[in-house]
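All remarks here apply to the structure that follows.
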Amino acid sequence: MNPRAAYQPADERRAGIVEAVLALASATNPNDISTAAIARHLGLTQGALFRHFPSKDAIWGAVMAWVSEHLLAMVEAATGAQASPLATLEAIFMGHVAFVRAHPGVPRMLFGELQRAEGTPAKAIAAALLGRYALQLRSLLEAGKRAGEVAEDLDTEAAALVFIGTIQGLVMQSLLAGEVTRMRRDAPRVFAIYRRGIGSAS
């Protein structure tokens, strides 16, 4: 056991467990990550792990809660920092890509949870995250219509889905290529196409 790890406060230990899962998920299928592997990564026993989380599902729920909190905080920060709806959408797009580059285990966790047939706390959090994200995007797209930046007849619900799906496509291609950094190179060109597709003709 790691002696330093043994004396961490509970909040720090729980945060460390979440970080360990994300680190392991960056290179491993989340379905293959065992509590033994998490404990080994942290230099702990499984007993020490379960003193902070009662089950593996509880750990996964904490991971998804962390993802939701930080991704939505990025969206909120971008929304408050930009001068126009389209500039905000671009900032969110680039911020999401940067978030995934910094935490490559996140999309693996999200995809893994959303594909599970059974309901879990983590899956519910992931679904709620996507719902809140899409709602914010629709609000920005409607604001873009009012500002004359977005086509008046745009289907904002579909446009929000395309926005999220475009990021997911970038992520999947990067994961398949084993080159997460390519997202930063491709993202501006891809967003430019999205922007032309939703833009006002005026």
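Of the candidates Ala128, Ala134, Ala147, Ala158, the single residue that is touching a Pro at 6+ places or on another chain (Cβ under 6 Å) and surrounded by fewer than 18 Cβ atoms within 10 Å (Cβ to Cβ) is Ala147. Specify which of the listed residues (Val190, Val100, Val180, Val162) is within 21 Å of Thr28 (Cα to Cα) and part of a helix (DSSP H, G or I). Residue meeting the stated conditions: Val100. In segment 84-123, of all residues being surrounded by fewer than 16 Cβ atoms within 10 Å (Cβ to Cβ) and of a type in the set (A, V, I, L, M), the one that is farthest from Glu149 (Cα to Cα) corresponds to Ala117.
When every residue of segment 117-125 is checked against the conditions, none turns out to be under 23 Å from Leu176 (Cβ atoms) and in a helix (DSSP H, G or I). Out of contact with any Cys (no Cβ under 8 Å at 6 or more places or on another chain), closer than 19 Å to Ala65 by Cβ and without any contact (Cβ under 8 Å) to a residue 12 or more places away in the chain - does that describe any residue in segment 92-104? Yes, the conditions are met somewhere in segment 92-104. Checking each residue in segment 174-198 for being among the charged types (D, E, K, R) and modelled with pLDDT under 80 picks out only Glu179. Output yes when any residue across segment 124-131 is in contact (Cβ under 8 Å) with a residue 60 or more places away in the chain and either among the hydroxyl-bearing types (Ser, Thr, Tyr) or outside the structural domain of Ala65 (by TED's automatic domain parsing) (or both), and no when none is. Within segment 124-131 (the criterion being in contact (Cβ under 8 Å) with a residue 60 or more places away in the chain and either among the hydroxyl-bearing types (Ser, Thr, Tyr) or outside the structural domain of Ala65 (by TED's automatic domain parsing) (or both)), the answer is no, since none of the residues qualifies. Considering each residue of segment 50-69 in turn, none proves to be over 19 Å from Ala122 (Cβ atoms) and in contact with a Pro (Cβ under 9 Å, 6 or more places away or on another chain). Taking helices (runs of 4 or more DSSP H) as the structural unit, no element lying wholly within segment 4-85 holds at least 3 residues that are in the same structural domain as Leu141 (by TED's automatic domain parsing), of a type in the set (S, T, N, Q) and at positive phi.
Just to be sure before I move on: is Leu141 under 23 Å from Met64 (Cβ atoms), crowded, with 19+ Cβ neighbours inside 10 Å and either at pLDDT below 90 or not small (Gly, Ala, Ser) (or both) in the structure I sent? For Leu141, the condition - under 23 Å from Met64 (Cβ atoms), crowded, with 19+ Cβ neighbours inside 10 Å and either at pLDDT below 90 or not small (Gly, Ala, Ser) (or both) - is not met.
The values are calculated or read from the model by the stated rules, or taken from the named source; none is laboratory data. The structure displayed is predicted, hence computed values, not measured ones. Virtual Cβ from ideal backbone geometry, glycine too; neighbours counted across all protein chains shown.
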